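Taking it in order: structure first as structure tokens, then the write-up.
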């Protein structure tokens, strides 16, 4: 069951526990950045475990997250609506607290 919904704001974890050694599949440049769930892709084998031959663990949910380029690249000079979409597993994501109106 998916933890996040389409349209929900999420943040990619900035750091991931270094032990045990992992085969990290989340781009470094996107860590710590916030984006929006564009779609839920389904549950798949965890490539960070499969890389070590561990095939029998749980199948985490994979999401396609949309990031505005200006939120990803410091000094981005393109159009404010330019986006990048990246597929990221649920264990890399955390909710973004919604700002409350004063």
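A few notes on this one:
- The chain - percent relative contact order, Cα under 8 Å, separation 6 or more: 30
- Comparing 24, 37, 72 in a Gaussian network model of the chain where C-alpha atoms under 10 Å apart are linked, the largest mean-square fluctuation is found at 24.
- Residue exposure proxy: 71, 79, ordered by other Cβ atoms within 10 angstrom of their Cβ from fewest to most, comes out as 79, 71.
- Hull volume per residue, based on the alpha-carbon atoms of the range 9-93 and their convex hull, is 86 Å³.
- Working note: 222 nm ellipticity from helices only, DSSP H runs with n ≥ 4, each -39,500 (n - 2.57), summed and divided by the residues of the chain, gives -1000 deg cm²/dmol to the nearest 500.
- Taking 0.36 nm per residue of sequence separation and removing the Cα-Cα distance, the residue 96/residue 1 pair yields an extension gain of 32.3 nm.
We did not get these values from a lab; they are worked out from the coordinates using the rules stated. Keep in mind that this is a model prediction, so the values were computed, not measured. Cβ sites come from the backbone with ideal geometry, for glycine too, and all protein chains shown count toward neighbours.
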